[in-house]
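The values are calculated or read from the model by the stated rules, or taken from the named source; none is laboratory data. This is a predicted model, so every value here is computed, not measured. Quick reminder, even Gly has a Cβ in these numbers, built from the backbone with ideal geometry, and neighbours come from all protein chains shown.
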């Protein structure tokens, strides 16, 4: 999809692939307009945390929080390598794990 999109625009995309951040936490869904359920939004620390993890992921990489990593079975945990702590705006330093294409066991 990225290649097709790149052929249609003037600017050159520096990297292809998806950047994924996975976090765990509470999120609250709220109305953005009073009495209007067609405009909903979500708030919570998990959104900021996941955004920081996604920002640390390169093309084709998955960066997950320590909480998510601990919930995986051994086979799932083997797909991830430890990552240096990520500085998260308004949430402090985040312990994270990274899965790169072809890393870990299948």
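One residue is enough: does region 8-21 have a residue meeting the conditions at pLDDT 90 or above, touching a helix residue (DSSP H, G or I) at 6+ places or on another chain (Cβ under 7 Å) and not in a strand (DSSP E or B)?
The answer is no, given that none of the residues of region 8-21 is at pLDDT 90 or above, touching a helix residue (DSSP H, G or I) at 6+ places or on another chain (Cβ under 7 Å) and not in a strand (DSSP E or B).
From the list 30, 24, exactly one residue is at pLDDT 85 or above and in contact with a helix residue (DSSP H, G or I) (Cβ under 8 Å, 6 or more places away or on another chain). Which is it? First the steps, then the outcome.
Working: 30 fails: in contact with a helix residue (DSSP H, G or I) (Cβ under 8 Å, 6 or more places away or on another chain).
When all the criteria are applied, what remains is 24.
Here is a check on your reading of the model: is residue 49 farther than 30 Å from residue 4 by Cβ and surrounded by 12 or more Cβ atoms within 10 Å (Cβ to Cβ)? Quick ask: steps written out before the conclusion?
On the way: farther than 30 Å from residue 4 by Cβ: yes; surrounded by 12 or more Cβ atoms within 10 Å (Cβ to Cβ): yes.
It is true that residue 49 is farther than 30 Å from residue 4 by Cβ and surrounded by 12 or more Cβ atoms within 10 Å (Cβ to Cβ).
Would you say residue 82 is assigned to a loop (DSSP other than H, G, I, E, B) and under 25 Å from residue 92 (Cα atoms)?
Numbers: assigned to a loop (DSSP other than H, G, I, E, B): no; under 25 Å from residue 92 (Cα atoms): yes.
No, not satisfied.
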